[in-house]
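The values are calculated or read from the model by the stated rules, or taken from the named source; none is laboratory data. Please read these numbers as outputs of a predicted model, since none were measured by experiment. Every residue, glycine among them, receives a Cβ derived from its backbone with ideal geometry; neighbour counts consider all protein chains shown.
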Amino acid sequence: TSSPEQEQFDRIIEQDSRIEPRDWMPDAYRKALTRQISQHAHSEIIGMQPEGNWISRAPSLKRKAILIAKVQDEAGHGLYLYSAAETLGTPRSVLNDQLLTGKAKYSSIFNYPARSWADVGAIGWLVDGAAIQNQVPLCRCSYGPYGRAMVRVCKEESFHQRQGWEILHSLANGTPAQKQMAQDAVNRFYGPALQMFGPPDGDSPNSQQSMQWKIKRFSNDELRQRFVDMIVPQAEALGLTLPDPDLRWNEERGHYDYGDLDWDEFKAVLSGNGPCNAQRMAHRIRAHEEGAWVREAAAAHARKQADVETK
Ligand code: ACO
């Protein structure tokens with residue numbers, strides 16, 4: 001026995017139409033989306049750190065300008081996504097507190113350090129490549145504001161991936177030392193990038209329900225497989241190898257087989273014990289505290305404007 005509202009909601013999902021902020025929705029749907037969208041927003045904001053570190057050390061003015069643009073895009077994605085999350089009823093200050101107090105997750109990948117300039121290339125190629133693979137289907141998410149936000153985000157991510165590819169391409173075709181630097185970066189980022197898609201389907205508590213609601217359109221393992229299939233020929237084109245001895249084409253499946261990932265490492269990173277978790281959080285908390293005067297000034301300005309309008 002379901003309510004007329006529930007039936008209307010089910011119909012919208014069934015017809016592949018969209019749920020909008022003012023529509024009735026089950027509490028659990030609202031909660032699942034708030035969780036996913038806010039974690040996604042936090043990931044974009046924390047994700048500015050590994051590459052932001054390289055802005056002052058980029059090897060040329062052109063590289064520096066491109067990297068600044070990319071990191072600014074990520075800030076934009078974060079703000080865009082917080083806005084989408086707020087349409088579900090939780091204020092941004094609350095979402096932000098969840099990040100700063102360690103209650104909310106953000107993507108595991110941003111707890112790894114960017115050690116060399118080649119890492120900026122590997123992050124663009126592999127991390128942003130994985131992000132695109134995961135986010136293109138989210139453009140068709142059943143919740144309107146999230147799906148629409150993803151369209152622009154994916155376009156910008158494509159530019160990010162190309163800049164990463166291009167950095168690696170230059171290094172891979174440079175001196176032997178440069179090529180080695182590119183290979184080291186790929187070796188370090190390959191496994192963690194594959195883990196961005198989340199735990200294997202059998203260990204993914206949210207997937208089934210999220211797929212029924214058409215928040216997610218594909219499972220974690222399906223997207224991971226697509227990603228592996230995409231990057232193998234790209235690695236060959238770069239002249240670099242992927243650090244997985246079990247990686248081989250499976251004629252029968254029509255896909256590349258790949259080896260087990262280190263899920264103990266993944267769990268450690270999620271529970272706060274990755275190589276950079278503490279550093280990332282400390283930096284974010286400091287930035288938030290240092291930005292207090294900006295928030296106060298913006299609020300004072302908004303009050304003044306409101307006064308002017310009511311006079
Ligand atoms: N890093 C950190 N946490 C993760 C990761 C990861 N790579 N993968 C899964 N998790 C978390 C989930 O958030 C969930 O935690 P919670 O229930 O406490 O919130 C838990 O592990 C179990 O995973 P799933 O049941 O598989 O969770 P879900 O169905 O939400 O799938 C996924 C995870 C694929 C990341 C999904 O949330 C998603 O598509 N999110 C949007 C994309 C996104 O956030 N990208 C961020 C990185 S890309 C970028 O910012 C450039």
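Among the residues of the stretch 192-230, those identified as under 17 Å from Asp128 (Cα atoms) and more than 6 Å from the ligand (Cβ to nearest atom) are Pro192, Ala193, Leu194, Leu223, Arg224, Gln225, Arg226, Phe227, Val228, Asp229, Met230. Against the list (1) more than 14 Å from the ligand (Cβ to nearest atom); (2) closer than 25 Å to Val269 by Cβ; (3) under 17 Å from the mean Cα position of the chain (by Cα), the condition Tyr112 fails is (1). Selection over the stretch 109-134 of residues that are assigned to a helix (DSSP H, G or I), touching a residue at least 40 places away in the same chain (Cβ under 8 Å) and under 23 Å from Ile55 (Cβ atoms) gives a count of 17. The set of residues in the stretch 64-100 being at negative phi and among the small types (Gly, Ala, Ser) consists of Ala65, Ala69, Ala75, Gly76, Gly78, Ser83, Ala84, Ala85, Ser93.
Residues being more than 11 Å from the ligand (Cβ to nearest atom) and buried (at least 22 other Cβ atoms within 10 Å of the Cβ) are entirely absent from the stretch 127-136.
Is one or more of the residues making up the stretch 255-263 outside any helix (DSSP H, G or I), away from the ligand (no atom under 16 Å from the Cβ), over 23 Å from Tyr112 (Cα atoms) and touching a residue at least 60 places away in the same chain (Cβ under 8 Å)? Within the stretch 255-263 (the criterion being outside any helix (DSSP H, G or I), away from the ligand (no atom under 16 Å from the Cβ), over 23 Å from Tyr112 (Cα atoms) and touching a residue at least 60 places away in the same chain (Cβ under 8 Å)), the answer is no, since none of the residues qualifies. Name the residues in the stretch 81-109 that are within 11 Å of the ligand (Cβ to nearest atom) and small (Gly, Ala, Ser), would you? Those that are within 11 Å of the ligand (Cβ to nearest atom) and small (Gly, Ala, Ser): Ala104, Ser107, Ser108.
Contact map, the stretch 35-61: first residue more than 14 Å from Tyr80 (Cα to Cα), second residue part of a helix (DSSP H, G or I) and near the ligand (Cβ under 9 Å from one of its atoms), Cβ cut-off under 6 Å, separation 6 or more or different chains; pairs are Ile46/Phe110; Gly47/Glu74; Gly47/Phe110; Met48/Glu74.
Matching residues to (1) exposed (fewer than 15 other Cβ atoms within 10 Å of the Cβ); (2) polar (S, T, N, Q):
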{"residue": "Gln49", "(1), (2)": "no, yes"}
{"residue": "Arg63", "(1), (2)": "no, no"}
{"residue": "Gln72", "(1), (2)": "yes, yes"}
{"residue": "Tyr82", "(1), (2)": "no, no"}
{"residue": "Ser93", "(1), (2)": "yes, yes"}
{"residue": "Asn96", "(1), (2)": "no, yes"}
{"residue": "Lys103", "(1), (2)": "yes, no"}
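Is it the case, given these coordinates, that Val308 is over 19 Å from Gln195 (Cβ atoms) and part of a helix (DSSP H, G or I)? Yes: the conditions hold for Val308. Between Ile45, Ile68, the distinction of being more than 23 Å from Gly272 (Cβ to Cβ), at pLDDT 95 or above and surrounded by 14 or more Cβ atoms within 10 Å (Cβ to Cβ) belongs to Ile68 only. Summed over the stretch 268-297, the residues that are farther than 22 Å from Arg188 by Cβ, among the aliphatic types (A, V, I, L, M) and surrounded by 10 or more Cβ atoms within 10 Å (Cβ to Cβ) give a count of 4. In this structure, Phe159 does satisfy being among the aromatic types (Phe, Trp, Tyr) and either modelled with pLDDT under 95 or surrounded by fewer than 21 Cβ atoms within 10 Å (Cβ to Cβ) (or both). Just wondering, is there one or more residues in the stretch 226-241 that are closer than 30 Å to Thr34 by Cβ, at pLDDT 95 or above and of a type outside the set (Asp, Glu)? Checked against the condition, which is being closer than 30 Å to Thr34 by Cβ, at pLDDT 95 or above and of a type outside the set (Asp, Glu), the stretch 226-241 yields at least one hit. Restricting attention to the stretch 226-254, the residues that are touching a residue at least 24 places away in the same chain (Cβ under 8 Å) and not in a loop (DSSP other than H, G, I, E, B) add up to 10.
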